[in-house]
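Participant: Let me begin by handing over the structure; questions about it come next.
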Amino acid sequence: MEEQLAELAAKIADLEAAGGGAVVTNTMFAETFYYLTIPLMIIIHAGFLAYEMGASRLKNVLSSGVKNLLAFAFMIPTFYFFGWWVYWGFPTGLPGAPGPAGISGVEYANSIAWGWGESAQYMGPNIADQASGVFFGAFAMFAATTASIMSGAVIERIQTVGFIILAVVLGSFAWVVAAAWGWHADGWMVTQFGVHDFGAAGLVHAVAGFFALGVLINLGPRIGKFNPDGTANHIPGHNMPLTVVGLMLIIVGFWGFLMACVIVPGEAWSWFGDKPSTIYGTPITLSALSFNILMAIAGGIIGAWLFTRDPFWMMSGALAGIISTASGLDIYFPALAFIIAFSAGVILKPCADWLENRGIDDAVGAVTVHGTIGLYGVVMLGIWGSGYPALQGAAGEVPTISLMGQIIGALVFFLCGFVPGYIVSLILKVLGMLRVPEGAELAGMDIVKVPASGYPEWGGDAPVTPAHPAE
Amino acid sequence: MFPYEEASWSVVDGAMFMGWGSSLPGITTLIAAIICVLVLVIGQKSEAAKARAFKK
């Protein structure tokens, strides 16, 4: 009897050990999952860097790159200093009351998101917390993405510091407010209007795109972009292949971006013990994402090719394909995702032309690709996904997706981007911090801002590297 | 200073960064923020000075 009891006790101990191992494995999986989204999202920035530099003329190539690098670099500390706090503090709006899920409000944000006092334990190395750092990292990359979206639109005439200030306002504040309201499970747009934006078509892309529009209105077009009669000239970048490869890198990085929008199962902070969910607690699988992202990329490229035949617009079409379906990548049928993405690819260039004909010089089409198509995607989900519960739970207990709700969401996302973009850039303009002087723009921004040459052998005064040093 | 009473990893069950439990995290956060602002101020001054040379 005693032997049997001892055997039983040993078996129980083994089982407990095995169970503990499973818990550790799941926690490590969850941490690794989000950790890997971070380098994937950095690929987005490699893409934006290549894309912007390629779209710049030879005289501006390095200054465009420097601007992009600095936006990335300033975004991370500023998001650490206050952006992360804004996200957790204001899902229910002002004054930052706690929401029904119990993970929001100023008091909650004070306890987890400041780099001082007791909350600092969640903002640095902590053996008992394997989630905060990787979540922060993923969100910081979302923030940096918004800044890069704006960055391309304003190349070749903006001042560096003025641009960085705008990037910080966008990446560490404006989109964060939109995310708190429309992405957080306690967000008022979600709980009151059933806004559903799984892949951030509105709260990242549209906010950034329309922030850029607000800036472009005050910044003005590049010298030579428009003729006296208002007609536009095409200002080609110096390296179309670099731009197209950059766009493809952005597409690669978006797999990480969208992966980071998934909540893994089995953790204390997970919605489910046995299945992944969206940030709203609704079910999703990575398989769903694979089906729909691929079909969306294909649809966008094909749609853009139909009328443009231009590789720049084809790859922009791929981005538009993803963005137009991002709100509902969790629930679209792949063929429907293809159709929506195709339509986005078709309307992309006419929308960009429409904007250009109104005197807006968006050097890379960012307002259209991210702003217009972002809102198009938010509204499309309202048309196709009406009746789906927007949060975990049943219709009646929780709000459902509706066309009106998505239109309200689209309007709020537009305002979250455009208003701060316009106001802050206007202030910078008044202070003389927005645009470089005319002479500097004509000379080229590299010669003014960067003590290096992008292509030294091509410059008139630059030393020429001999092909054969012995000669 | 090791942020636990006993300087042993076996007692570590939470935050383990330098300065945990003291004012160091807050001070370094403040200094880092000031660095960011100062760099922008210096960057703006130097770029504006260079750009002035190209004013028409």
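Participant: If a residue must be crowded, with 17+ Cβ neighbours inside 10 Å and either within 8 Å of another protein chain (Cβ to nearest Cβ) or farther than 20 Å from B:Ile27 by Cβ (or both), how many such residues does region A:118-128 contain?
Facilitator: Of the residues in region A:118-128, 5 are crowded, with 17+ Cβ neighbours inside 10 Å and either within 8 Å of another protein chain (Cβ to nearest Cβ) or farther than 20 Å from B:Ile27 by Cβ (or both).
Participant: Scan region B:1-18 for residues that are surrounded by fewer than 14 Cβ atoms within 10 Å (Cβ to Cβ) and more than 8 Å from chain A (Cβ to nearest Cβ) and report the count.
Facilitator: Residues that pass the stated criteria total 10.
Participant: Within the set of pairs 6+ apart or on separate chains, which have a first residue in region A:267-293 that is free of Cβ contacts under 8 Å to residues at least 60 places away in the same chain, a second that is of a type in the set (Ser, Thr, Tyr), and C-beta atoms under 7 Å apart?
Facilitator: Hits for this filter: A:Pro276/A:Thr285; A:Pro283/A:Ser277; A:Asn292/A:Thr325; A:Asn292/A:Tyr332.
Participant: Has region A:383-393 got any residue that is at pLDDT 90 or above, surrounded by 16 or more Cβ atoms within 10 Å (Cβ to Cβ), assigned to a helix (DSSP H, G or I) and away from every other protein chain (no Cβ under 14 Å)?
Facilitator: Yes, there is a match, as at least one residue in region A:383-393 is at pLDDT 90 or above, surrounded by 16 or more Cβ atoms within 10 Å (Cβ to Cβ), assigned to a helix (DSSP H, G or I) and away from every other protein chain (no Cβ under 14 Å).
Participant: Let me ask another. When you scan region A:127-215 for helices (runs of 4 or more DSSP H) that lie fully inside it, which ones turn up with 2 or more residues that are over 26 Å from A:Ile284 (Cβ atoms) and at pLDDT 95 or above? Steps first, answer last, please.
Facilitator: On the way: elements: A:132-153, A:160-169, A:175-182, A:188-193.
Because the criterion is at least 2 residues that are over 26 Å from A:Ile284 (Cβ atoms) and at pLDDT 95 or above, the helices (runs of 4 or more DSSP H) in region A:127-215 that meet it are A:132-153, A:160-169.
Participant: Inside region A:420-453, can you point out the residues that are at the interface with chain B (Cβ under 9 Å from one of its Cβ atoms), of a type outside the set (A, V, I, L, M), touching a residue at least 12 places away in the same chain (Cβ under 8 Å) and not in a helix (DSSP H, G or I)?
Facilitator: Within region A:420-453, none qualify.
Participant: Taking B:Gly21, is it more than 7 Å from chain A (Cβ to nearest Cβ) and more than 30 Å from A:Gly439 (Cβ to Cβ)? Step through it out loud before you land on a result.
Facilitator: On the way: more than 7 Å from chain A (Cβ to nearest Cβ): yes; more than 30 Å from A:Gly439 (Cβ to Cβ): yes.
Taking the combined requirement at face value, the residue satisfies it.
Yes/no per residue for (1) over 17 Å from the mean Cα position of the chain (by Cα); (2) among the basic types (Lys, Arg); (3) surrounded by fewer than 17 Cβ atoms within 10 Å (Cβ to Cβ); (4) within 28 Å of A:Gln192 (Cα to Cα):
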residue: A:Gly246; (1), (2), (3), (4): no, no, no, no
residue: A:Ile263; (1), (2), (3), (4): yes, no, no, yes
residue: A:Gly300; (1), (2), (3), (4): yes, no, no, no
residue: A:Arg309; (1), (2), (3), (4): yes, yes, yes, no
residue: A:Met314; (1), (2), (3), (4): yes, no, no, no
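Participant: Tally time: how many residues in region A:98-117 are more than 24 Å from the chain's Cα centre (by Cα), in a helix (DSSP H, G or I) and more than 9 Å from chain B (Cβ to nearest Cβ)?
Facilitator: Counting residues in region A:98-117 that are more than 24 Å from the chain's Cα centre (by Cα), in a helix (DSSP H, G or I) and more than 9 Å from chain B (Cβ to nearest Cβ) gives 5.
Participant: Right, here's the next one. In region B:24-41, what residues are within 29 Å of A:Thr160 (Cβ to Cβ), within 7 Å of chain A (Cβ to nearest Cβ), within 11 Å of the chain's Cα centre (by Cα) and of a type outside the set (Val, Ile, Thr)?
Facilitator: Matches in region B:24-41: B:Ala32, B:Ala33, B:Cys36.
Participant: Looking at region B:26-40, can you tell me whether even one residue there is closer than 25 Å to A:Glu438 by Cβ and outside any loop (DSSP other than H, G, I, E, B)?
Facilitator: Yes, region B:26-40 has at least one match.
Participant: Note down all Cβ pairs under 9 Å where the first residue falls in region A:38-52 and is more than 8 Å from A:Gly253 (Cβ to Cβ), the second is crowded, with 23+ Cβ neighbours inside 10 Å and among the basic types (Lys, Arg), and they're at least six residues apart or on different chains.
Facilitator: What qualifies is A:Glu52/A:Lys67.
Participant: Tell me which of these A:Gly105 doesn't satisfy, since it passes every other one: (1) of a type outside the set (Phe, Trp, Tyr); (2) crowded, with 24+ Cβ neighbours inside 10 Å; (3) under 30 Å from A:Glu397 (Cβ atoms).
Facilitator: Among (1) of a type outside the set (Phe, Trp, Tyr); (2) crowded, with 24+ Cβ neighbours inside 10 Å; (3) under 30 Å from A:Glu397 (Cβ atoms), the lone unmet condition for A:Gly105 is (2).
The values are calculated or read from the model by the stated rules, or taken from the named source; none is laboratory data. Keep in mind the model is a prediction, meaning the values are calculated, not measured. Positions of Cβ are generated from backbone atoms using ideal geometry, with glycine treated the same way; all protein chains shown enter the neighbour counts.
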